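S.K.: Okay, here's the structure, questions in a sec.
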Amino acid sequence: MDEPTVIAHRGFAGVAPENTVGAAVAAADRPGTAMIEIDVQPAADGTPVVFHDDRLEGARDGRPITDAEGLVRETPLEDVCAAEVLESGETVPTLAALLEVVPSTMGVNVELKNPGRADLRFGEALSETAREKRREAWQPFVERVVDDCDAFRGEVLFSSFCEGALAAARDVAPEYAAAVLVWGSLSDGLEVARRYDCEAIHPPRNAIAGTAMATEQYAGFSATEPEIDVLEVAHDEGRTVNVWTVENWLQFAQLRAAGVDGIVVDYPGLGNATV
Ligand code: G3P
Ligand code: MG
């Protein structure tokens, strides 16, 4: 059985301040980390920054993620980059600053979170008219992200829950691999993957048919066995299947046994269980 690729979610958010330079440095030092996953969106001036939530004061286990407040997309770049993440001493980095510390032997999965506006169509396959409008809405931000990625020497994989982001990524930088992030519908995810011939599809951990986890509610999926075997369909179409987000060794073992290609994990070492 091939070992799944280990993708460090926000830089192993379970053991490091998420989406920071410190997390990226630590993730690169962990043996077996193939890739780091990060979330990107623009600050007020359009510069791509690495941050997950819309707001700087978004909550983590009852505490704010940073010591700053406000919508990232409305906050001046210097204020975003001065915001301290989870009292760690680490601050919110620009994408360019984070990529500088990632060795070229490690890949980066850049999740395109929002293009500086909120009226997105999340996790849906779009009509032809809507698709073109959404691509245009994403394009300026994706161009900035691609500029930053072009300075990085390692492998880049773009992913997004938004079809418009993938449309723009394909248009601006077809040389980079792309993955559709699936929210509530495997058929929509597969449709979008086909439309842009995405190299990969990224379903949530409970969307893999035949695993015990498939009957647990998580992300956009209810507690019912998926009707589509996304692993079989995607593999038949030549696409890689990377699954998110795994929090313990048991989940990792289930997905490894199912034959997924990659696993987005919050903790390092989940594939090294001794049982
Ligand atoms: O890329 C997988 C995962 O990061 C998607 O969810 O909300 O953690 O960005 P989220
Ligand atoms: Mg993400």
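S.K.: Which condition number does residue 269 fail, the rest of (1) buried (at least 21 other Cβ atoms within 10 Å of the Cβ); (2) away from ligand 2 (no atom under 16 Å from the Cβ) being met?
M.R.: (1)
S.K.: Now a separate question. For the range 19-38, enumerate the residues that are surrounded by fewer than 24 Cβ atoms within 10 Å (Cβ to Cβ) and within 17 Å of residue 65 (Cα to Cα). Steps first, answer last, please.
M.R.: Within the range 19-38, the subset surrounded by fewer than 24 Cβ atoms within 10 Å (Cβ to Cβ) is 21-22, 25-26, 28-35.
Residues satisfying the conditions are 21, 22.
S.K.: Could we say that residue 243 is within 16 Å of ligand 2 (Cβ to nearest atom) and surrounded by 20 or more Cβ atoms within 10 Å (Cβ to Cβ) here? Outline the logic, then answer.
M.R.: Numbers: within 16 Å of ligand 2 (Cβ to nearest atom): yes; surrounded by 20 or more Cβ atoms within 10 Å (Cβ to Cβ): yes.
Considered against the rule, which asks whether it is within 16 Å of ligand 2 (Cβ to nearest atom) and surrounded by 20 or more Cβ atoms within 10 Å (Cβ to Cβ), residue 243 comes out as yes.
S.K.: Here is a follow-up. When you go through 78, 3, 69 one by one, which is the residue that is farther than 24 Å from residue 269 by Cα, part of a loop (DSSP other than H, G, I, E, B), more than 19 Å from the chain's Cα centre (by Cα) and among the acidic types (Asp, Glu)? Working first, answer last.
M.R.: Working: 78 fails: part of a loop (DSSP other than H, G, I, E, B); 3 fails: farther than 24 Å from residue 269 by Cα.
Criteria check complete, one pass: 69.
S.K.: Let me ask something else. Would you say residue 24 is touching a residue at least 40 places away in the same chain (Cβ under 8 Å), touching a strand residue (DSSP E or B) at 6+ places or on another chain (Cβ under 9 Å) and closer than 20 Å to residue 181 by Cβ?
M.R.: Numbers: touching a residue at least 40 places away in the same chain (Cβ under 8 Å): yes; touching a strand residue (DSSP E or B) at 6+ places or on another chain (Cβ under 9 Å): yes; closer than 20 Å to residue 181 by Cβ: no.
When the stated conditions are applied, residue 24 does not pass them.
S.K.: Does residue 36 meet the test of being in contact with a Gly (Cβ under 6 Å, 6 or more places away or on another chain) and more than 15 Å from residue 101 (Cβ to Cβ)?
M.R.: On the way: in contact with a Gly (Cβ under 6 Å, 6 or more places away or on another chain): yes; more than 15 Å from residue 101 (Cβ to Cβ): no.
Taking the combined requirement at face value, the residue does not satisfy it.
S.K.: Could you grab me the full set of residues in the range 1-10 that are within 15 Å of ligand 1 (Cβ to nearest atom) and out of contact with any Ser or Thr (no Cβ under 7 Å at 6 or more places or on another chain)?
M.R.: Start the filter on the range 1-10 by keeping residues that are within 15 Å of ligand 1 (Cβ to nearest atom), which leaves 4-10.
Listed by number, the residues that qualify are 4, 5, 7, 10.
S.K.: Output the number of residues of the range 97-137 satisfying the condition of being out of contact with any helix residue (DSSP H, G or I) (no Cβ under 9 Å at 6 or more places or on another chain), away from ligand 1 (no atom under 16 Å from the Cβ) and over 22 Å from residue 6 (Cβ atoms).
M.R.: Of the residues in the range 97-137, 3 are out of contact with any helix residue (DSSP H, G or I) (no Cβ under 9 Å at 6 or more places or on another chain), away from ligand 1 (no atom under 16 Å from the Cβ) and over 22 Å from residue 6 (Cβ atoms).
S.K.: Tell me, which residue of the range 162-184 that is surrounded by fewer than 24 Cβ atoms within 10 Å (Cβ to Cβ) and in a loop (DSSP other than H, G, I, E, B) is modelled with the lowest pLDDT?
M.R.: Among them, the one singled out is 184.
S.K.: Looking only at the range 90-125, which residues are part of a loop (DSSP other than H, G, I, E, B) and free of Cβ contacts under 8 Å to residues at least 60 places away in the same chain?
M.R.: Keep residues of the range 90-125 that are part of a loop (DSSP other than H, G, I, E, B), which gives 90, 92-93, 102-106, 113-121, 123-125.
Residues satisfying the conditions are 104, 105, 117, 119, 120, 121.
S.K.: In the range 24-55, how many residues are assigned to a loop (DSSP other than H, G, I, E, B) and more than 16 Å from ligand 1 (Cβ to nearest atom)? Outline the logic, then answer.
M.R.: So in the range 24-55, the residues assigned to a loop (DSSP other than H, G, I, E, B) come out as 30-32, 43-47, 51-54.
Those left that are additionally more than 16 Å from ligand 1 (Cβ to nearest atom): 30-32, 43-47.
Summing the residues that are assigned to a loop (DSSP other than H, G, I, E, B) and more than 16 Å from ligand 1 (Cβ to nearest atom) in the range 24-55 gives 8.
S.K.: Kindly indicate whether any position in the range 8-23 is assigned to a strand (DSSP E or B), touching a Phe, Trp or Tyr at 6+ places or on another chain (Cβ under 8 Å) and at pLDDT 95 or above. Can you show your working first?
M.R.: Of the residues in the range 8-23, the ones assigned to a strand (DSSP E or B) are 8-9.
Subset that is touching a Phe, Trp or Tyr at 6+ places or on another chain (Cβ under 8 Å): 9.
Now drop any that are not at pLDDT 95 or above, which leaves 9.
Yes: the range 8-23 contains one or more residues that are assigned to a strand (DSSP E or B), touching a Phe, Trp or Tyr at 6+ places or on another chain (Cβ under 8 Å) and at pLDDT 95 or above.
The values are calculated or read from the model by the stated rules, or taken from the named source; none is laboratory data. Note that the coordinates shown come from a computational prediction; the quantities given were computed from them, not determined experimentally. In this analysis, Cβ positions are derived from the backbone assuming ideal geometry, glycine residues included, and neighbour counts consider all displayed protein chains.
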